[in-house]
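Notes to accompany the following structure.
The values are calculated or read from the model by the stated rules, or taken from the named source; none is laboratory data. Please read all numbers here as calculations on a predicted model, not as lab measurements. In this analysis, Cβ positions are derived from the backbone assuming ideal geometry, glycine residues included, and neighbour counts consider all displayed protein chains. Accessible surface areas use protein heavy atoms only, side chains included; no ligands, DNA or RNA. Shrake-Rupley method; radii C 1.70, N 1.55, O 1.52, S 1.80 Å.
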Amino acid sequence: MTDIACDVSRRAFLKTGAALGGGIVAAGMPLSQAIWAAEGKVLNARIVRDPRKLDPGFYSAASEIDLMNCIYSKLIRYKPGSEWTWELEAAEKIEQVDPTHIRFQLKKGIKFSGGHGEMTAKDVKFSFERVIKHDSPVKVEWGSLDRVEIEDDYTGVIVLKTPFVPVWNITLPYGVGHIVSENAVMKTTKNGGDFGTTPPAFSGPYVIADWKLNQYLLLTRNPEWSGPRPGFDELRILPIGDEKTAERAYEAGDVDFSHITLDSLAAFKSNPPAHTKVEERPSLAYVWIGMNMDHPKLKDINVRKAIQWAINVPQILDAVYAGQAAVATGTIAPGLVGHRKKALVPPEGDLTKAMDYLVSADVTDLRLSLDCRNGSTFVAIAEMVQAQLSQIGITVEVNVQDSGSFYTIGMESEGDRWKEMQLIINSYSSLPDPYSATTYFVSEQVGVWNWERFRSERFDELNAKAVTVSDPLERAKLYYEMQDLMEDSGAYRFLTHEGTPFMYRTTQLQAATRPDGSPQYLDFKPA
């Protein structure tokens, strides 16, 4: 990857530092303090795309959280390893007092950069409540949050309206659990709302030192950080959207850690690049083909059912993933509460049944568009779907888009493109609680993340109830029914949960990830 500028020299840093919009200069940190580590141990890693948000209360993609984990602090965080557990981060103590109250005590001495003072319970209250107050697209992660009560400078109580089981698995250790400075955010935004890609203060081990769109994002040590010292002085994160391009970038030496595609896994395992370790992790993500139920061409459920039954999932997975990916039965991955043993529509589908549905719809010469991201995996899936639907007389035009365009196509806040969207190949990340795999399909999410515009009062009712049920067996039954409702609508054809193989250069680092293979950069160690 010779066209990617990943080596930021001291001279280049000094030249660009004064122009930073969201980095150390904007946060009030003296430049001389920021560059002291510029020539120390460096971690080069790949990210899928440039962040669209660096505000944890309004994040838009899982890859953004991997960065936020480095520049902010949370009460608790996921512990790296093969089991889903958490450990204390900004909290000295935390406990569930009863089903709707969680008491926390902050560690003393955690400072916000730019002279914004020490982290207090007021900052926790502000950070959590602003997600609800400003109607964030990811407010669902706070579930039934009512308020945060302050007891003293370091102690507070999170008050829930009703029990919310996912609070420990999703809310606190992930995105909306990050704590920002009330003083800094209010000065920047006036109303405490979304600050986009311009963090007004940092509280983690790293700060953003430089950022060139489509080239690199540079993190350096936070001089005001007093917690455990991470292994690298500098993180250089390169945005590489296409998976195959990322693999070539690794082989060229541009990055030292990268996820790889499942269809490349066997080759890399049998013949890895020099000094490389290849590892595999199960994924919680889910990939599916969605249909815009509000589009005139897809309003008839018989048309949607025809598409469902015409798609042969194993055929797609064998061709695209080289047989390394298993068939998904819904949005909830194996190993989680609510994972279905099988889908309602068999994986292989049935062309005869698909044709029968088209006859019932009285549709001929149907032409549809199919949107997908420009990653090689998604393009290959699109081409397979195009071929399969042609077998029942449906002509499909594939629209390949870069990630920046793709991730806004179904959002009403971004314009009227959602009205023209018909079929879409989508992939959402997920977390170790089934709520993460269902809650973005409630009616309230139509035009936000629910791009199929699926609406079901029963689904909404079950989704609200399931988070209050602690018994795994009873909870699972609710999630089984919810996925049945999604599939019965005809708007979903579930494909796979993929997998998350990755490789890293053993002469440079020892990688650390969550159980699903997501990187935890703070725990990476130099070789």
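Scanning the range 118-156 for residues that are over 28 Å from Glu444 (Cα atoms) and part of a strand (DSSP E or B) turns up Glu118, Ile150, Thr155, Gly156. Picking from residues in the range 340-383 that are in a strand (DSSP E or B) and among the hydrophobic types (A, V, I, L, M, F, W, C), the one that is nearest to Thr245 (Cα to Cα) is Cys372.
Considering the conditions (1) part of a helix (DSSP H, G or I); (2) open to solvent by less than 60 Å² (accessible area, probe 1.4 Å); (3) touching a helix residue (DSSP H, G or I) at 6+ places or on another chain (Cβ under 9 Å), Pro314 is excluded by exactly one of them, (3).
Considered as a group, the residues in the range 126-152 that are surrounded by fewer than 19 Cβ atoms within 10 Å (Cβ to Cβ) and more than 22 Å from the chain's Cα centre (by Cα) include one that is nearest to Asp433 (Cα to Cα), and that residue is Asp146.
For the range 491-512, which positions are open to solvent by less than 10 Å² (accessible area, probe 1.4 Å) and β-branched (Val, Ile, Thr)? Matches in the range 491-512: Thr496 only. Out of the residues in the range 62-73 meeting the condition of being outside any strand (DSSP E or B) and not hydrophobic (A, V, I, L, M, F, W, C), tell me which one is farthest from Ser403 (Cα to Cα). If we take residues in the range 62-73 being outside any strand (DSSP E or B) and not hydrophobic (A, V, I, L, M, F, W, C), then Tyr72 is farthest from Ser403 (Cα to Cα). So, in the range 74-117, how many residues would count as being part of a strand (DSSP E or B), in contact with a Pro (Cβ under 9 Å, 6 or more places away or on another chain) and surrounded by 22 or more Cβ atoms within 10 Å (Cβ to Cβ)? Adding up the residues that qualify gives 3.
Can you name every residue in the range 275-302 that is among the hydrophobic types (A, V, I, L, M, F, W, C) and either touching a strand residue (DSSP E or B) at 6+ places or on another chain (Cβ under 7 Å) or surrounded by fewer than 23 Cβ atoms within 10 Å (Cβ to Cβ) (or both)?
Correct list: Val278, Ala285, Val287, Trp288, Ile289, Met291, Met293, Leu298, Ile301.
If only residues of the range 181-215 that are open to solvent by 20 Å² or more (accessible area, probe 1.4 Å) and among the aliphatic types (A, V, I, L, M) are counted, the one that is nearest to Val124 (Cα to Cα) is Met186.
When restricted to residues that are more than 22 Å from the chain's Cα centre (by Cα), farther than 19 Å from Phe232 by Cβ, touching a residue at least 40 places away in the same chain (Cβ under 8 Å) and part of a loop (DSSP other than H, G, I, E, B), the range 251-277 contains 3. Per the conditions (1) crowded, with 19+ Cβ neighbours inside 10 Å; (2) closer than 30 Å to Ile110 by Cβ; (3) of a type in the set (Ser, Thr, Tyr), the sole criterion not satisfied by Ser226 is (1). Just give me the residues in the range 486-525 being of a type in the set (D, E, K, R) and more than 21 Å from Leu284 (Cβ to Cβ), in sequence order. If the condition is that a residue be of a type in the set (D, E, K, R) and more than 21 Å from Leu284 (Cβ to Cβ), then Asp488, Arg505, Lys525 are the ones that fit. Considering only the range 464-472, I want to know if a residue exists there that is of a type in the set (D, E, K, R), more than 22 Å from the chain's Cα centre (by Cα) and either part of a loop (DSSP other than H, G, I, E, B) or within 20 Å of Pro282 (Cα to Cα) (or both). Within the range 464-472 (the criterion being of a type in the set (D, E, K, R), more than 22 Å from the chain's Cα centre (by Cα) and either part of a loop (DSSP other than H, G, I, E, B) or within 20 Å of Pro282 (Cα to Cα) (or both)), the answer is yes, since at least one residue qualifies.
Within the range 408-430, none of the residues are part of a strand (DSSP E or B), of a type outside the set (A, V, I, L, M, F, W, C) and open to solvent by 60 Å² or more (accessible area, probe 1.4 Å). Residue count for the range 202-257, restricted to those that are of a type in the set (Gly, Ala, Ser) and out of contact with any strand residue (DSSP E or B) (no Cβ under 9 Å at 6 or more places or on another chain): 1. In the set (1) of a type in the set (Ser, Thr, Tyr); (2) within 22 Å of Val379 (Cβ to Cβ); (3) buried (at least 21 other Cβ atoms within 10 Å of the Cβ), the condition left unmet by Thr331 is number (2). Output the qualifying pairs, or none if there are none: Cβ atoms under 6 angstrom, residues six or more apart or on different chains, first residue in the range 54-69 and open to solvent by less than 20 Å² (accessible area, probe 1.4 Å), second residue assigned to a helix (DSSP H, G or I) and not aliphatic (A, V, I, L, M). Hits for this filter: Gly57/Arg130; Met68/Pro56.
Of all the listed residues (Phe454, Phe459), the sole one being assigned to a loop (DSSP other than H, G, I, E, B), in contact (Cβ under 8 Å) with a residue 24 or more places away in the chain and either farther than 23 Å from Ile240 by Cβ or among the hydrophobic types (A, V, I, L, M, F, W, C) (or both) is Phe454. The selection criterion, being surrounded by 14 or more Cβ atoms within 10 Å (Cβ to Cβ) and at pLDDT 95 or above, does not hold for Glu348. Annotation: Lys161 fulfils all but one of (1) of a type in the set (Lys, Arg); (2) under 25 Å from the mean Cα position of the chain (by Cα); (3) closer than 23 Å to Glu444 by Cβ; the unmet one is (2). Scan the range 482-519 for residues that are of a type in the set (S, T, N, Q), in a strand (DSSP E or B) and over 27 Å from Tyr174 (Cα atoms) and the total you get is 0. Cβ separations smaller than 8 Å between residues 6+ apart or across chains give the following pairs from the range 205-232 residues that are within 22 Å of Thr507 (Cα to Cα) and of a type in the set (S, T, N, Q) to residues that are surrounded by fewer than 23 Cβ atoms within 10 Å (Cβ to Cβ) and modelled with pLDDT under 95: Thr220/Ile35; Thr220/Ala37; Thr220/Ala38.
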